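Structure, as structure tokens:
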Amino acid sequence: MAMASSPLLVMHNPVCGNGTAEAFFNEYVFPRLEEANVQVTQKMATAEAGHAGTIVFEFLERYEGNVTVILGSGDGTLHEIINALSLVALKGVRENVLSSSVRVVLVPCGTANALYCSLFKPTSMTDLESPAYKLKSLEAFIRGSNVVPLTLAVTTLSSPPSSKQHLSKVVVSAVVTSTALHASILHDSESLRKEVPDIERFKVAARNNITQWYSSHVKLLPTSSARAVEIYDPDKKIFVTHEESDDHGIVDVYGPFAYFLSTVNVDRLEPAFRITPLMSDFVSSEVSLDLVMVRPHRDPTFVMDTIEARNAFAEKSNAVLTAAYQDGNHINLRYTDDGKITSEGTGSTVIEYIRCGGWEWIPDDVDEKAHLLCSDGAIFSIVKGGRAVCRAASPADGAGFLVYV
Ligand SMILES: Nc1ncnc2c1ncn2[C@@H]1O[C@H](COP(=O)(O)OP(=O)(O)OP(=O)(O)O)[C@@H](O)[C@H]1O
């Protein structure tokens, strides 16, 4: 039995996914809680973007003890909650409390539900629609099962050090932090939400951006304990220390980039899109993030950055994305000598799969699109001359977000 005395907030986002969260809660979640004799302290529906953070924030300031939130939404609403709580100090009953942890029960009602699908791997597409599948985290909570702590990726977007007012903004991701193609896709897909309500909209936005390259200088930052940046070696099928690590364990990487995306906690961004498959195949023993990069100049047929070269390379970026949908097979893709893509041979890999403590993305001033950054679907813009620094972080004991699994 779940702890009846600890405060329980039940909240859903009525507009996420296909708009059926409320119906699902009324039909399945509340009846199940009643049946299990679990007392609900407060029920809320979010009324607008940003509201979820305020609701949880106020709930924490009002009720003492271990708070549990049953959340019916997608990843975006969880992102709002994490950001609302990570960046401000609580008052009320928690005025003098150093840090608070929040236990979360996920009820997947969003479009992609990356975190849920990574924690509870669907066995088939029909699984996704079944109430029993969607209630797995709730059942774990009712049984009083395990919680797993979320690793967070904390990104600081800063203005150039030379600017009069050196401003910076911090954003926290629980799923994905990206630039390049993925950030452009998310940037554009928001405007397609009404027209294409399902995950098809990501594919439409991908088609519109696939020929774009992004100029940036990147620094890969080592993990804090092992002090290393690792790269996946598909021959040995293990991670190895990156050859280009300097004395501090940092690796400098130069673009242009077609793709640049990192994740924490998840091996997929959609039920079948396993973009960082090693997150679940090789579980990391320390706080780190997995990063996938595609740099067109690794293609042996690359000569110069021209429109023709970008158009021709689009086919290869597509091959990477398609293979990611095939159980994450993009990690095995290589070039043949004549620039074709194969999953055999010993040619250079099409992607670079990195495991590290974080990264810096320093976009080229003149490349406007390289200034976009996506954090769990929310889009930010790096100011001209500025940079983004992303680091994997694990909150101290007794703080952070714990998900019932
Ligand atoms: N009542 C509301 N009205 C309008 N927007 C809302 C409301 N409540 C929350 N939102 C916004 O809805 C957005 C989408 O929510 P969410 O990300 O949870 O679902 P999704 O995008 O459908 O799923 P996923 O992130 O899994 O793809 C969030 O960015 C949030 O700010």
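Read-outs throughout are calculated quantities, based only on the coordinates presented, and are distinct from any laboratory measurement. This structure is a prediction, so every number in the text was calculated from the model and none was measured. In this analysis, Cβ positions are derived from the backbone assuming ideal geometry, glycine residues included, and neighbour counts consider all displayed protein chains.
Laid out as a table, the results:
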quantity: Neighbour-limited loop hits for trypsin sites (Lys or Arg not before Pro), region 99-185 (at most 10 other Cβ within 10 Å; DSSP other than H, G, I, E, B); calculated: 164
quantity: Förster radius 30 Å - calculated FRET efficiency between residue 329 and residue 383, Cβ distance, rounded to 0.05; calculated: 0.20
quantity: Inter-part distance where region 137-173 and region 24-48 are each reduced to a Cα centre, Å; calculated: 27
quantity: Estimated FRET transfer efficiency (residue 319, residue 62; beta-carbon r; R0 60 Å; 0.05); calculated: 0.70
quantity: Antiparallel DSSP beta bridges within the chain, as percent of all bridges there, nearest 5; calculated: 75
quantity: Unsatisfied cross-links (Cα-Cα over 28 Å) in the set 91/219; 203/340; 169/219; 169/203; 169/369; calculated: 91/219; 169/203
quantity: Intensity falloff of the chain expressed as log10 I(q)/I(0), Debye formula with alpha-carbon point scatterers, at q = 0.07 Å⁻¹; calculated: -0.33
quantity: Prolate/oblate/rounded label for region 234-302 (Cα gyration tensor, a/c 1.5); calculated: oblate
quantity: Length added when fully stretched, residue 30-residue 225, from 0.36 nm per residue minus Cα-Cα; calculated: 65.8 nm
quantity: Pair residue 93, residue 367: separation of 7 Å Cα→Cβ label points (nm); calculated: 5.1
quantity: Separation of the residue 241 and residue 207 label points, Cα + 7 Å toward Cβ, nm; calculated: 4.7
quantity: Extension gain, residue 348 back to residue 286 (0.36 nm per residue minus Cα-Cα distance, nm); calculated: 19.5 nm
quantity: Long-range Cα-Cα pairs in region 5-65 (distance over 15 Å), rounded percent; calculated: 55
quantity: Potential lengthening between residue 39 and residue 195 on full extension [0.36 nm per residue; Cα-Cα distance subtracted]; calculated: 52.2 nm
quantity: Inter-probe distance in nm under a simple model that places probes 7 Å from Cα toward Cβ, at residue 303 and residue 162; calculated: 3.6
quantity: Loop trypsin sites (Lys or Arg not before Pro), region 236-281, which have at most 13 other Cβ atoms in a 10 Å radius of their Cβ (DSSP); calculated: 236, 237
